[in-house]
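Undergrad: I'd like to ask some things about the structure below.
Nothing in this text is a laboratory measurement; each read-out follows from the coordinates by a stated rule. Bear in mind the structure is a predicted one, so any value in this text is a computation, not a measurement. FYI the Cβ positions are ideal-geometry reconstructions off the backbone, even for glycines, and counts take in every protein chain you see.
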Ligand code: SF4
């Protein structure tokens, strides 16, 4: 017996105005067709009707409003797009029941609005790829890339020559991806890019509509919206620019995790200058103090490079003293290595390998001691923990809000056999070692 595929939703289209608008209508319909939608030649057969409006002259606007009115009267489920989308409030005042209003050339929004209004029924024969895409991570956490490339030119890095300058993704596309991931079971979104704090600098003047409201392509606005979608949102690769101050209150409110991954790489002003690092300013320690005053549980993870060309013993000692002050929670360190094509390779003052080794051992000892003391201070507290794995003998492994997967520590639980991967539970912390915590789930 032949397998019957679920029937595709039907889309009706009323296209007004000039040939440019007609081409837009064709593009929208082509995309919807390739997404599996069927077309309806009349109002009655349509699950949703698109009205692509013209707003060139007052007479064209009036014609557009009449067409919207007719579609509402005949079908009732109407999405408005095109030039009159700029006047969404006029349309909504006259037709409060329109499902969505998007502007000209906003293909992604209008197609997204159709998907929301008339979702495609899932079919394993048609949807070879799940809605959330194919993932290499477990279902309960996902990396979310918000931009590609980088505007900085750090001396040891070849990313800009490989990937070019920063290109930010549209905020609505990121939010739609986040929503799909959460629908597919993701509890924790790990926001990544080369420089998350620079998100949107290239598209700053292009706000996009998301759920009926404009979202500005800026790290704070994006973080706030992501916080409404996923239980846990973790920001990676953030530089301590002044505007990062704005995301700290979101952490204090519990909208995003109180966690920042800031690749400082060094603290000595001379070395940072030679490295050509961004946000290299003297007030970073003061900034960290202010952030912790607002969000006391803020966890800061970072990485450092030792043995960069020209690094003196005084520079290195400056870094160790700075770490005493900064009290970072998690630190990774690397010995400088020349990467083919990186400008740093031509710098004078190469540090001998033995000196690099010795500095590496010293920075690791220093940061491990700070991190261990911070973990000890968590004993006796009750923390939220996300479950990564449930063992066979009643134990489970998870992570606290202070631990990103793969790079930070873990929380080992006893009496946790009843839990499932992806659960977020309250855990009484009973013990700690240099890297990890130990505890037991407590009832809500
Ligand atoms: S190290 Fe990071 S910030 Fe610097 S150039 Fe490379 S990608 Fe950009």
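Undergrad: If the viscosity is 1.306 mPa s and the temperature 10 °C, what translational diffusion coefficient in µm²/s does Stokes-Einstein give for the stretch 43-186 when Rh comes from Kirkwood over Cα pairs?
TA: In µm²/s, the coefficient rounds to 87.
Undergrad: Using only the alpha carbons, work out the radius of gyration and Dmax of the stretch 187-318 in angstrom.
TA: That works out to 16.3, 57 Å for Rg and Dmax.
Undergrad: Contour minus end-to-end for residue 317 and residue 66, with contour as 0.36 nm per residue of separation and end-to-end as the Cα-Cα distance?
TA: Values: separation 251, 0.36 × 251 = 90.36 nm, distance 7.39 nm.
Net length gain for the segment: 83.0 nm.
Undergrad: Output the 0 to 90 degree angle, nearest 10, between the alpha-carbon long axis of helix 219-229 and the longest principal axis computed from the alpha carbons of the chain.
TA: The helix 219-229 is inclined about 70 degrees to the chain.
Undergrad: Further, regarding this structure: Dividing the alpha-carbon Rg of the stretch 339-384 by 2.2 N^0.38 Å yields what? Please list the in-between numbers first.
TA: Working: Rg = 18.2 Å, N = 46, 2.2 N^0.38 = 9.4 Å.
Cα-based Rg divided by the globular estimate yields 1.93.
Undergrad: Which residues does the label zone of residue 74 cover in the stretch 21-49, counting backbone N under 17 Å from a point 7 Å along Cα→Cβ?
TA: Residues 39-49 fall inside that zone.
Undergrad: Using only the alpha-carbon atoms of the stretch 265-317 as identical scatterers, what base-10 log of I(q)/I(0) does the Debye formula give at q = 0.20 Å⁻¹?
TA: Ignoring solvent entirely, the Cα scatterers give -0.78.
Undergrad: Let me ask something additional. Would you calculate the convex hull of the Cα atoms in the stretch 141-376 and tell me its volume per residue in Å³?
TA: Details: hull volume 29.8 nm³, N = 236.
Roughly 126 Å³ of hull volume per residue.
Undergrad: Related question: Given labels modelled 7 Å from the Cα in the Cβ direction, how far is it in nm from residue 228 to residue 440?
TA: For the pair residue 228/residue 440, the computed spacing is 4.1 nm.
Undergrad: Then there is this: So what's the convex hull volume per residue for the Cα atoms of the stretch 1-79, in Å³?
TA: That works out to 89 Å³ per residue.
Undergrad: Percent of Cα-Cα pairs more than 15 Å apart in the stretch 142-218, please.
TA: On the way: 1732 of 2926 pairs.
Percent of Cα pairs beyond 15 Å in the stretch 142-218: 59.
Undergrad: If R0 is 22 Å, what FRET efficiency do you get for residue 255 and residue 184 from their C-beta distance, rounded to 0.05? Provide the component values of the computation, followed by the final result.
TA: Details: r = 22 Å, r/R0 = 0.98.
Approximately 0.55, to the nearest 0.05.
Undergrad: Once you have all Cα-Cα distances for the stretch 372-413, histogram them in 5 Å bins from zero and send the whole-percent values.
TA: Histogram of Cα-Cα distances, whole percents per bin: 6, 21, 30, 25, 14, 4, 0.
Undergrad: What are the extents of the Cα atoms of the stretch 340-415 along their three principal axes, in Å, largest first?
TA: Extents along the principal axes, in whole Å: 57, 28, 21.
Undergrad: In nm², what is the average projected area of the convex hull enclosing the Cα atoms of the stretch 382-441? Working shown, then result.
TA: Details: hull surface 14.3 nm².
With the hull built on Cα positions only, its mean projection is 3.6 nm².
Undergrad: Taking the chain as the reference, fit the longest principal axis to its C-alpha atoms, fit the long axis of helix 19-34 to the helix C-alpha atoms, and give the angle between the two in degrees, 0 to 90, nearest 10.
TA: 70 degrees
Undergrad: Roughly what percent of Cα-Cα pairs across the chain reach past 28 Å?
TA: Tail of the P(r) past 28 Å holds 60 percent of the pairs.
Undergrad: For the chain, find the longest principal axis of its Cα atoms and tell me its angle to the long axis of helix 107-117, 0 to 90°, nearest 10.
TA: So the inclination is approximately 80 degrees.
Undergrad: Which three extents, in whole angstrom, do the alpha-carbon atoms of the stretch 182-259 cover along their principal axes, largest first?
TA: Projected onto its principal axes, the Cα set of the stretch 182-259 covers 32, 30, 23 Å.
Undergrad: Between residue 59 and residue 7, what's the calculated FRET efficiency when r is the beta-carbon distance and R0 is 30 Å? Round to 0.05. Before the final figure, lay out the partial values.
TA: Values: r = 40 Å, r/R0 = 1.32.
After rounding, the FRET efficiency stands at 0.15.
Undergrad: Looking at the stretch 10-127, what % of the alpha carbon pairs are farther apart than 21 Å?
TA: Details: 2095 of 6903 pairs.
Taking all Cα-Cα pairs of the stretch 10-127, the fraction more than 21 Å apart is 30 percent.
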